[in-house]
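Notes follow once the structure below has been shown.
Values quoted throughout were computed directly from the atomic coordinates according to the rules given, and no laboratory measurement underlies them. Keep in mind the model is a prediction, meaning the values are calculated, not measured. When we count neighbours, we look across all protein chains shown, and the Cβ atoms used for this are built from the backbone with ideal geometry, even at glycine.
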Amino acid sequence: MVKELRKKGVTFYLCEVCGFAYKEKEWAEKCQQWCEQHQSCNLEIIQHAVPLEE
Ligand SMILES: [Zn+2]
């Protein structure tokens, strides 16, 4: 399961393996699936990641 995070009314979805955040749950799920299977990041997936401002 991907992690949901709410910031300023926007929901982000986090890959629990690598910690990248996505605005679309679909991408977070793809990322997590990839990370669990390959133990590395897929550039095509993480280019959809969004930076999380602290
Ligand atoms: Zn990931």
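Taking only DSSP H segments of four or more residues, each worth -39500 (n - 2.57), what value at 222 nm results for the chain once the sum is divided by all its residues, to the nearest 500 deg cm²/dmol?
Values: 2 runs with 18 residues, N = 54.
That comes out to -9500 deg cm²/dmol.
Using the number of other C-beta atoms within 10 angstrom as an exposure proxy, rank LEU43, LEU5 with the fewest first. Intermediate results must be reported in sequence, preceding the final value.
Details: LEU43 7, LEU5 12.
Arranged by neighbour count, lowest to highest, LEU43, LEU5 become LEU43, LEU5.
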Distance histogram for the chain (every C-alpha pair counted, 5 angstrom bins, percent rounded to whole numbers): 4, 25, 35, 21, 10, 3, 1
Stretchable slack from LEU52 to THR11, in nm (0.36 nm times residue separation minus alpha-carbon distance): 13.6 nm
Gain on full stretching of the segment that runs from LEU43 to LYS25 - 0.36 nm per residue minus C-alpha separation: 4.8 nm
Amide H within-cut-off set for VAL50, under 5 Å, with H built and near neighbours excluded: ALA21, TYR22, LYS23
Residue exposure sequence - VAL50, VAL2 - by fewest surrounding Cβ within 10 Å: VAL50, VAL2
Amide H within-cut-off set for PHE12, under 5 Å, with H built and near neighbours excluded: LEU5, ARG6, LYS7
Degrees separating the helix 25-38 axis from the principal Cα axis of the chain, which is the longest one: 30
